[in-house]
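One structure is given below, encoded as structure tokens.
The values are calculated or read from the model by the stated rules, or taken from the named source; none is laboratory data. Please read all numbers here as calculations on a predicted model, not as lab measurements. Using ideal geometry, Cβ is built from the backbone for each residue, glycine included, and neighbour counts are taken over all protein chains shown. Surface areas here come from the heavy atoms of the whole protein model, side chains and all, with no ligands, DNA or RNA. Shrake-Rupley method; radii C 1.70, N 1.55, O 1.52, S 1.80 Å.
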Amino acid sequence: MNEVHEGLCLMGPAMVTVFVIGAGNEPLPHEAFQLAGLVPDEVHPFMLMEQPAAIASLGLMSYDLTFRDTSLTLSTYTRETLRRLCAAGRAVAWAGFEGSFHYDHLLTEDIASSVYAYCVSGAEPVVAEDFATLRGAAWKKRIAETRAALEELLPTAERRLTPKPR
């Protein structure tokens, strides 16, 4: 079991939380998450509230995917889930630890260590397996590049999702 996997199982059942922008506001059916030979015990889709207009026009969905069996290979599952979420068109998807989502900090450097996987349509998903990777400069750069891809999806007038100072 790798460090990220252990972090996902810290509070009991393993929970993979994924977000996707650009795939509309209609949740995928539970069957869409039967991937890599794994079937989540629970699938909870959420259309996030109070979406900024630029994001709402693309659609933003979050999914909590719960597994009671914590011995499963979740890095492969996460990779395939992100691939599935980005397959329908231009989208950006990522997986993050609980509490890492905030509109003002989508895929920003200050939360990069809480984002352990990402995918941009047309590219291969990337999944980190250890905390040293998540804290590294190379990972922060990759997350910044993913944010730039997200900004490219936005309507031209709203291309800059400027984080507000904390």
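Table for the structure above
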read-out	value
Rounded percent of accessible protein surface that carbon and sulfur make up, the chain, 1.4 Å probe	54 percent
Radius of gyration and Dmax over the Cα atoms of region 1-51, both given in Å	13.1, 37
Largest-first principal axis extents, alpha carbons of the chain, Å	46, 35, 28
Crossing angle, helix 74-86 versus the chain [Cα axis fit, 0-90 degrees, rounded to tens]	40 degrees
Per residue value of the accessible surface for the chain (all protein chains in place, 1.4 Å probe), Å²	51 Å²
Cα-centred dipole magnitude for region 80-157, charges only on beta-carbon of K, R (+1) and D, E (-1), debye, nearest 20	160 debye
Relative contact order, percent, the chain [alpha-carbon distance under 8 Å, six or more residues apart]	25 percent
Within the chain: Cβ-based charge dipole about Cα centre, in debye rounded to nearest 20 (Lys, Arg +1; Asp, Glu -1)	540 debye
By average C-beta atoms within 10 angstrom, highest first, the peptides 25-34, 58-67, 125-134, 77-86	77-86, 58-67, 125-134, 25-34
Shape call, region 65-151: gyration tensor on alpha carbons, a/c limit 1.5	oblate
Under Karplus coefficients 6.51, -1.76 and 1.60, residue-wise ³J(HN,Hα) of region 88-104 in Hz, glycine/proline x	7, x, 6, 7, 10, 10, 8, 10, x, 6, 3, x, 8, 8, 7, 3, 6
Nearest-ten-degree value, helix 137-153 long axis tilted from longest Cα axis of the chain	60 degrees
